[in-house]
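A short write-up of the structure that comes next.
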């Protein structure tokens, strides 16, 4: 009995330590300056703040949804996408990073796994969620919001496929000519 109490006390202290670490190092949602032109991002697979179908999640087929980029700048050289879970207990958590997408009005559904996405030009899938691929929603509990941040850039980025979100954001600094996003929810957030 005493051993169980000690184990529970250790688990409680570990949880408190993780919570405090999460508050100190908490990653924040991406916000852009108001002077960056808006890119309109939509999807035929879910509405903004609408429910994401299970097939786009870790409980389904785990395929990336189709994204439509409306009013894409003619000066676009490449496009990058960062997909974040906004509602983890420890802050924002990155699920997917991909950059050097050839400018296009439609990013197709079901981007192949791996360091490169050949059907998108010279696109590189970096290290998001510990993998070189889209990793869809799979929250342990509660409803979470998943934000697809889309950046239109004036250059190609020369980054290793091991690059994560922080280094990608750093490399894009000063090269973002448009920004937009769409947010999906899973499971559906009920009012």
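How far apart, in nm, are two points set 7 Å out from the Cα along the Cα-to-Cβ line at residue 40 and at residue 122?
Here the answer is 3.2 nm between the modelled labels.
Run the paramagnetic zone check for residue 55: 7 angstrom along Cα to Cβ, then residues of segment 77-111 with backbone nitrogen under 15 Å.
Backbone N within reach: 108-111.
For helix 2-25, report the angle its Cα long axis makes with the longest principal axis of the Cα atoms of the chain; keep it between 0 and 90° and round to the nearest 10°.
30
Need one word for the chain: rounded, prolate or oblate. Basis is the Cα gyration tensor (sqrt eigenvalues a ≥ b ≥ c); a/c below 1.5 gives rounded, then a/b vs b/c decides.
Because a/c hits 1.5 or more and a/b exceeds b/c, the chain counts as prolate.
Report the relative contact order of the chain, percent, no decimals, based on alpha-carbon pairs under 8 angstrom and at least 6 residues apart.
Rounded, it is 27 percent for the chain.
By average Cβ neighbour count within 10 Å, what is the ranking of 179-185, 119-125 from highest down?
Per-residue Cβ counts within 10 Å, averaged per peptide and sorted highest first, yield 179-185, 119-125.
Bear in mind that the values in this text are calculations on the coordinates, not laboratory data. Values in this document were obtained by computation on a predicted structure and should not be read as measured data. Glycine also receives a Cβ, built like all others from the backbone with ideal geometry; neighbour counts cover every protein chain displayed.
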